Amino acid sequence: MPDWDSKMKSYEMDMCTGSLWRKILYFSVPLMFSNILQVVFNISDVAVVGKFAGPIALGAVGSTSILVTLSTGILLGLASGVSALTALYIGAKDSQGVKQTVHTAAVVMAFFGLAIMVLGMVFAGGILRLMNTKDELIKDAALYLRIYLLGTPALAMFNLGNGVLSAAGDTRRPLYYLTFAGVVNVALNLVFVIVCNMGVSGVAIASIISQYISAGLVLWLLLRSQESFGLRLDCLGVDKDKMRRILRIGIPSAIQYALFAVANLFVQTSVNSFDHVMVEGNSAAANSDPLVYNMMEAFYMACTSFIAQNLGAGKRDRIKRSFVICLVYSFGLGLVLGVGIYVFRYPFLSLFTNERAVVDAGIRRITVMALSYCVSAFMDCAIAASRGLGKTIVPMLIVTAGSTVFRLLWIWTVFAYFRTIESLYLLYVFSWIITAAAEIFYFVRVFRSGTSLRT
């Protein structure tokens, strides 16, 4: 029987040698399914309440999606700092650096998970009102959000473990854990809503139970590991240098995710200016966004990890090739998924509502977004590549200008003039185009200059 250490090593990947095309794909495929399962937590909530609790419950849960994305995005941004720094030290074969990074990161992620939970629960109602959430939706929306946020500490710990394991090339076991947790989530959704008639509170409780299951499993793995990235309770503490370097990447990345969410708050507010049918149709159709984005995100995570490990190993040619390969993969995936969702738009939307008027409203969004998703690859892959080099502040500023300020200007000008839902949805692709051009230019400049996280 192989011992625990040998089994651990069988899951890891050397990103500094071998075929990049094959290894990036092998690394990313489990991540795609892991990311999709995280989306399933929320989509199953929306589907169950839409089918069994009615359109008001559907609109209530859908109205919280941007705030859920905001809290999740902040934790993902912080975890990206953990992953990039861990991968750098693994590539440089610095086991002490890996150990200090992981234990510092555990404290940092726990703190932010608790802080987001408390702040979100306190201000949930006020934020929903600022978003012009419909009066008939706000009570259930606030209830769902406050319960859901109780799972934020678990989400923080899962993203910690997922980031560390991804840095070591292990993307399979987080998938196994999320598969189990996802099955539990869907089963509990059906029980709580159909059998117990708990409505939005039922699906929120099911989600947080699932989040604590997946977090517990990944922490159990790290606590048992004898590798340098394993967790030891008696080693928990904060190394100031490692915390500074984690936050140097993580905070701008978290702000970047937050800026996207804040910009989308204004989009949601604009959507809320239409009648409740359009709001509900948008909520149903918007479920395609995380499906596509999260699958594409797998290649962005691969881009960061491969670039960071090869940076630690001093292999510049593999850094450049990693970026190009991840861009090709993510663009192709975005195109295939976008077209696929458009082709199957009726059965897709029927998962979330039985109302034909809501389906028709949702199709208006899908029609615009189908060929738009793939364009986002140019922006997000360049951001991920810069993150692998340890550069996040300038990419954050570029995102602020291109995908936040630009979107607000679009709402106040183009949308204000046409006042059609299509003119609102078109802001996504145009903001991605201008932001992508600037992000790619910055990455190329940093790569050629040789400045990076190592310095």
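The values are calculated or read from the model by the stated rules, or taken from the named source; none is laboratory data. Since the structure is predicted, the reported quantities are computational estimates derived from the model, not experimental observations. As a convention, Cβ positions derive from the backbone with ideal geometry for all residues, glycine included, and neighbour counts pool all protein chains shown. Surface accessibility is based on the protein's heavy atoms, side chains included, excluding ligands, DNA and RNA. Shrake-Rupley method; radii C 1.70, N 1.55, O 1.52, S 1.80 Å.
Some observations on this one:
- Restricting attention to region 337-356, the residues being aromatic (Phe, Trp, Tyr) and touching a residue at least 24 places away in the same chain (Cβ under 8 Å) number 3.
- The criterion of being at pLDDT 85 or above, β-branched (Val, Ile, Thr) and surrounded by fewer than 24 Cβ atoms within 10 Å (Cβ to Cβ) does not hold for ILE138.
- Selection count where residues are farther than 12 Å from LEU78 by Cβ and in a helix (DSSP H, G or I), scope region 108-142: 23
- Wholly enclosed helices (runs of 4 or more DSSP H) of region 357-455 bearing at least 3 residues without any contact (Cβ under 8 Å) to a residue 40 or more places away in the chain: 406-410, 427-449
- In the set (1) of a type outside the set (Asp, Glu); (2) buried (at least 23 other Cβ atoms within 10 Å of the Cβ); (3) touching a Ser or Thr at 6+ places or on another chain (Cβ under 9 Å), VAL262 fails one condition alone, (2).
Let's see how each residue does on (1) open to solvent by 70 Å² or more (accessible area, probe 1.4 Å); (2) modelled with pLDDT of 95 or more:
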| site | (1), (2) |
| --- | --- |
| TYR329 | no, yes |
| PHE348 | no, no |
| ILE363 | no, no |
| LEU408 | no, no |
| TRP412 | yes, no |
| TRP432 | no, no |
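- Of the set (1) crowded, with 19+ Cβ neighbours inside 10 Å; (2) at pLDDT 85 or above; (3) of a type in the set (Val, Ile, Thr), all apply to ILE249 but (2).
- For SER288: the one exception among (1) open to solvent by less than 10 Å² (accessible area, probe 1.4 Å); (2) more than 14 Å from the chain's Cα centre (by Cα); (3) of a type in the set (Ser, Thr, Tyr); (4) farther than 20 Å from SER386 by Cβ: (2)
- So LYS93, is it farther than 20 Å from TYR212 by Cα, of a type in the set (D, E, K, R) and outside any helix (DSSP H, G or I): yes
- Boolean, THR179 is open to solvent by 20 Å² or more (accessible area, probe 1.4 Å), polar (S, T, N, Q) and more than 18 Å from SER83 (Cα to Cα): yes
- Hey, LYS93 touching a Ser or Thr at 6+ places or on another chain (Cβ under 7 Å) and surrounded by fewer than 23 Cβ atoms within 10 Å (Cβ to Cβ) or not: no
- Filtered residues of region 301-354 (kept if acidic (Asp, Glu) and within 19 Å of the chain's Cα centre (by Cα)): none
- Long-range neighbours under 7 Å by Cβ, at least six apart or interchain, first residue farther than 17 Å from ALA57 by Cβ within region 280-292, second of a type in the set (Ser, Thr, Tyr): VAL292/TYR373
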